[in-house]
1. I need the full set of residues from the stretch 38-48 which are farther than 14 Å from residue 76 by Cα and touching a strand residue (DSSP E or B) at 6+ places or on another chain (Cβ under 8 Å), in order please.
2. Tell me, which residue of the stretch 50-90 that is assigned to a loop (DSSP other than H, G, I, E, B) and modelled with pLDDT of 90 or more is nearest to residue 34 (Cα to Cα)?
3. Checking the conditions here, which among 43, 35 is modelled with pLDDT under 85 and hydroxyl-bearing (Ser, Thr, Tyr)?
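The values are calculated or read from the model by the stated rules, or taken from the named source; none is laboratory data. A quick note: this is a predicted structure, and the numbers were derived from the prediction, not measured. Cβ atoms come from the backbone with ideal geometry, glycine included; neighbour counts cover every protein chain shown.
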Amino acid sequence: MPPLKQTIMRIRKIVRLLTLLLVFPLALCAQVTTSTITGTVKSDKGDPLEGATIRATHTPSGSVYTTVSKKGGTFTLPCHWVNLLTLTSF
C-alpha cells in the first residue's frame, strides 16, 4: 500500500476514535434522572391556597421532597426521581 494511502487510513481511524471519545460522555450525561413537579393547590371551593405544604415521597427509597405553595397556590417541586412518587398536600 502506498504511504499516502496508509496515512489517510490512519487519520480516518484517529478521527473515528476521537469522535467516539467525544460523543460517548455526552450520552452518559443524558441518562440523568431528575424531574420537576409543578401545579396549583386549591381548596374544596376551588380557591387557590397560599402556604400549603406539598410533599412528594419516593416510595422505594423513602426520599421526601417538600415545598410550600406561593401566591395563587402555585408550587414547583424539584425531585431526583421520575417515578413511583406519592404526592400529598396539607
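1. Pass one, the stretch 38-48, residues farther than 14 Å from residue 76 by Cα: 42-48.
Result: 42, 48.
2. Restricting attention to the stretch 50-90, the residues satisfying the condition of being assigned to a loop (DSSP other than H, G, I, E, B) are 50-52, 59-63, 69-70, 80-84, 90.
With modelled with pLDDT of 90 or more added as a condition, the list becomes 50-52, 69-70.
Values: 50: 26, 51: 25, 52: 24, 69: 21, 70: 22 Å.
The selected residue is 69.
3. Values: 43 fails: modelled with pLDDT under 85.
Testing whether each residue is modelled with pLDDT under 85 and hydroxyl-bearing (Ser, Thr, Tyr) leaves just 35.
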